[in-house]
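A.B. asks: Pasting in a structure now, in structure tokens, and then I'll have a few things to ask.
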Amino acid sequence: MRYVWVNGKLVSEKEAVIPILTHALHYGTSVFEGIRAYWNPDLNNLYIFRAREHYVRFHNSAKIMGIKIDYGIDELIDATVELLRANEAREDVYIRPIAFVSASTVNLDIRDLEVTTAIITIPFGRYLEPKGVRAKVVSWLRIHNSMFPMRAKVGGIYVNSVLALMDAKNSGFDEAIMLNRDGYVAEGSGENIFIVKDGVLHTPPTYDSILEGITRATIIEVARDLGLNVIERRITREELYTADEVFFVGTAAEVTPVVNIDGRVIGDGKPGPITLKIRNYYMDIVHGKVDKYRHWLIPVY
Ligand code: PY5
């Protein structure tokens, strides 16, 4: 039996069901996170990566949406550790915290409606092919910051990502790249994006209608250890085609090379040397192999 954490209690996943009229199911009124924990066989321990940063964003998303989470950041971190222990997790795990409007009502005024906070853990391997993906710049634009604060990770917003990904998949590609309303590169359906040009990393700025990703922030911070500069600036579609390397980053995607965009081969069509260097460094960091960043890891046992 697997446990999930719901409003402060561990319950069996089978019992954690919700009524059909649940507000969040109809209107997408939920905020959520995606966190990874990595099993390190050498240290015989499981490490949660940047849990604090994820729960800070969780709280910020909720604040922006006007959803009240009754649990503080430390409480949520403790709950996550407690849950992973209860589930005796000894493998790579994906952690999904969610706070959703759980009242059964058709009312859109959510101010006084009940909110449920839950944490679910799922054994998880890779999300995208680490050898490289083929991406399509889809015709669906990323929802613009003026229509919704895109730095909030809100359930309903993901219909934009689903449409984008399905467009890419139905055209035979692996992943979507969305442009924003101004025509600049925003992000993938569930990843931020970086390009490499003449040995320098470039990534869209946070005001370009993207999720302010924690992996993105991690890469920006650690790139200098590898002697790499990062520039946050607007990126155009044709810059994707002519980049030396392109890669996606995200909790689920980790660091995934993009080897083809809209049928154009990126670089020589294989994961580039800088992408691979960053990917390896990132995987070392999340597995606790880089002392300098051990403070980003919370041991479960
Ligand atoms: N952009 C979008 C739209 C995302 O959904 C995600 C994360 C990111 C960027 C990267 O953010 P971070 O680095 O903070 O994870 N997506 C989720 C994830 O867990 C899952 C989507 C299915 O990676």
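A.B. asks: May I ask which of Lys63/Lys292; Lys131/Lys197; Lys14/Lys68 have a Cα-Cα span longer than 28 Å here? Could you put the intermediate results ahead of the total?
C.D. replies: Details: Lys63/Lys292 32 Å; Lys131/Lys197 20 Å; Lys14/Lys68 26 Å.
Checking Cα-Cα distances, Lys63/Lys292 exceed 28 Å.
A.B. asks: Using the eigenvalues of the Cα gyration tensor, what equivalent ellipsoid semi-axes result for the range 59-159 when each is taken as the square root of five times the eigenvalue, whole Å, largest first?
C.D. replies: Details: eigenvalues 138, 131, 26 Å².
Semi-axes from the Cα gyration tensor: 26, 26, 11 Å.
A.B. asks: Let me ask you something else. With no solvent and one point on each alpha carbon, what is the Debye value of log10 I(q)/I(0) for the chain at q = 0.07, 0.10, 0.15 Å⁻¹?
C.D. replies: Normalising to I(0) and taking log10 leaves -0.27, -0.56, -1.23.
A.B. asks: Starting at the first residue of the range 45-50, write each ³J(HN,Hα) from the Karplus equation 6.51 cos²θ - 1.76 cosθ + 1.60 with θ = phi - 60°, in whole Hz, x for Gly and Pro.
C.D. replies: Listing the rounded values in order: 8, 10, 10, 8, 8, 6 Hz.
A.B. asks: Looking at the range 158-296, I'd like the Rg to Rh ratio, where Rg is from alpha-carbon atoms and Rh is Kirkwood's inverse mean 1/r. Show your work: numbers first, answer last.
C.D. replies: Values: Rg = 14.5 Å, Rh = 15.3 Å.
Here the Rg-to-Rh quotient is 0.95.
A.B. asks: Excluding residues fewer than 8 places away in the same chain, name every one of the aspartates and glutamates whose C-alpha is closer than 20 Å to that of Lys9.
C.D. replies: Glu33, Asp70, Asp74, Glu75, Asp78, Glu82, Glu88, Glu114
A.B. asks: Tell me, what is a quarter of the convex hull surface for the C-alpha atoms of the range 3-123, in nm² with one decimal? Could you put the intermediate results ahead of the total?
C.D. replies: Values: hull surface 29.0 nm².
Computed as one quarter of the Cα hull surface, the answer is 7.3 nm².
A.B. asks: Which net charge results for the neighbourhood of Leu10, defined as the other residues with beta-carbon distances under 15 angstrom from its beta-carbon, given Lys and Arg at +1 and Asp and Glu at -1? Walk me through the numbers on the way to the answer.
C.D. replies: Details: positive: Arg2, Lys9, Lys14, Arg85; negative: Glu13, Glu15, Glu75, Asp78, Glu82, Glu88.
Computed value for this residue: -2.
Every number here is computed from the coordinates shown, using simple stated rules; none is lab data. Values in this document were obtained by computation on a predicted structure and should not be read as measured data. Don't worry about glycine lacking a Cβ; one is built from the backbone with ideal geometry, like all the others, and counts go over all protein chains shown.
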